[in-house]
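The values are calculated or read from the model by the stated rules, or taken from the named source; none is laboratory data. None of the values given here were measured: they were computed from a predicted structure. Cβ coordinates were reconstructed from backbone atoms using ideal geometry, including for glycine residues, and neighbour counts include every protein chain displayed. Calculation scope for accessible area: heavy atoms of the full protein, side chains included, ligands and nucleic acids excluded. Shrake-Rupley method; radii C 1.70, N 1.55, O 1.52, S 1.80 Å.
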Amino acid sequence: MRITEWNGYDRIEFELDGKEGLVVLPHTFAQGRPWVWRAEFFGDFDYADMALLEQGYARAYYRQNDMYGCPEAVEGMRRFQTFVTRLFGLSEKTILFGFSRGGLYAFNYAATYPDQVELLYLDAPVLDIRSWPGGKGVGPGAEREWRECLAAYGLSEEESVYAEVSPLNKIEAVAAAGIPILLVAGDADELVPYAENGALLVPRYRGLGGTIVDIVKEGVGHHPHSLEDPAPIVAFLREHAERHHSSE
C-alpha cells in the first residue's frame, strides 16, 4: 500500500486480486462518509468527481480493463467494495459513475448487487454490448474490443444475439431497488449511439417507476463527457445521497 499526494489530497494505492485499486480521501468527510466510484477512466472529465471530493466525498477506482462489465468483473467489484468500505470506513453503499464502457460495469453491478449501490451517474454510457463494441446497429463498433468482449462473457457471435447480458436487459432489477439514475449524453454520439443506449433506458426506467433524470447535450458527440460546470450533476447526487444518509 502506498500513500501519495494528489491534487492536495491523500491518494492510497494498493493491489487487490492482482489489480490496481486506489482511494482518494477528502480533507473532511461529508455525513455518512460517502464515496464516488469510477468504474472506468478515473481522471477523465472529472469535474463532478473533484467537486464532490472538495465537498467531502471520497473517490475510488479499481482497474479491471477489457472485462466489459462481465460477471467475473462484477464479482471483482464486489470484493473491492467490501475491501475499501472496511479499510477506510466508507459508506456501505457507493455512488457509481459509469462513463462510456464504464456503463457496462456500473449498471451490471447495480443489477447484481442493488443493495450496495446508492445511485448511478451514467455518462454517454454503453448499455448494450451489441451496440458497442459490437457495432450491430448504426455505430461503427470496435473489432478488437468486440472480440475481447465476447471472450469476457464466454459468448460466440451467434450467442450474443440472444444472451441477455447487457444493462438494457437488467433494467427491472435496478428499478425495483429504487436506485436513482442521472444520465448525461450527447445526442450526436456516433461511437455509442444515444438512440441505442441511453434513449432506450430512460422511458423504460420511468415506466417501471424509477427515478431518472436525463441531460441530453444537443449536437454533442461521445466527447466531451460530463459538464464543464458540474453543478447540475453535483446537485442531483447530493440531493439523493443526503436524503439517504439523513434517513439512516
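One table, with the values for the structure above:
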item	result
Residues satisfying the stated conditions in the range 71-99, i.e. surrounded by 24 or more Cβ atoms within 10 Å (Cβ to Cβ) and hydroxyl-bearing (S, T, Y)	T94
Test: V138 is assigned to a helix (DSSP H, G or I) and in contact (Cβ under 8 Å) with a residue 12 or more places away in the chain	no
Residue among G89, G56, G98, G32 that is in contact with a helix residue (DSSP H, G or I) (Cβ under 6 Å, 6 or more places away or on another chain), of a type in the set (G, A, S) and on the phi > 0 side of the Ramachandran plot	G32
Flag for I233 being hydrophobic (A, V, I, L, M, F, W, C), touching a strand residue (DSSP E or B) at 6+ places or on another chain (Cβ under 8 Å), open to solvent by less than 30 Å² (accessible area, probe 1.4 Å) and part of a loop (DSSP other than H, G, I, E, B)	no
Residues (over 20 Å from the mean Cα position of the chain (by Cα) and closer than 25 Å to P232 by Cα) located in the range 142-189	A188
Test: residue in the range 194-201 that is within 24 Å of G134 (Cα to Cα) and aromatic (F, W, Y)	yes
Close pairs (9 angstrom Cβ cut-off, 6 or more residues apart or separate chains): farther than 9 Å from I212 by Cα and in contact (Cβ under 8 Å) with a residue 12 or more places away in the chain in the range 168-183, of a type in the set (D, E, K, R) and in a loop (DSSP other than H, G, I, E, B) anywhere	L168/D128; K170/E164
Conditions (1) at pLDDT 95 or above; (2) in contact with a helix residue (DSSP H, G or I) (Cβ under 9 Å, 6 or more places away or on another chain); (3) outside any strand (DSSP E or B); number of the one not met by A185	(3)
Out of Y68, Y47, Y109, Y105, sole residue that is over 17 Å from A173 (Cβ atoms), among the aromatic types (F, W, Y) and open to solvent by less than 10 Å² (accessible area, probe 1.4 Å)	Y68
Boolean, H240 is under 18 Å from the mean Cα position of the chain (by Cα) and closer than 19 Å to Y57 by Cα	yes
Residue selected from the range 13-29 under the condition in contact with a helix residue (DSSP H, G or I) (Cβ under 9 Å, 6 or more places away or on another chain), hydrophobic (A, V, I, L, M, F, W, C) and open to solvent by 10 Å² or more (accessible area, probe 1.4 Å), by the criterion nearest to R238 (Cα to Cα)	L25
Given (1) over 25 Å from H223 (Cα atoms); (2) assigned to a strand (DSSP E or B); (3) not charged (D, E, K, R), index of the condition G32 fails	(2)
Positions within the range 135-156 being open to solvent by 70 Å² or more (accessible area, probe 1.4 Å) and in contact with a Lys or Arg (Cβ under 9 Å, 6 or more places away or on another chain), in sequence order	K136
The lone exception for L208 - which of (1) surrounded by fewer than 16 Cβ atoms within 10 Å (Cβ to Cβ); (2) closer than 25 Å to T94 by Cα; (3) touching a Gly at 6+ places or on another chain (Cβ under 8 Å) it fails	(3)
Those residues of the range 157-167 which are open to solvent by less than 40 Å² (accessible area, probe 1.4 Å) and either hydroxyl-bearing (S, T, Y) or over 24 Å from A48 (Cβ atoms) (or both), in sequence order	S160, A163, V165, S166
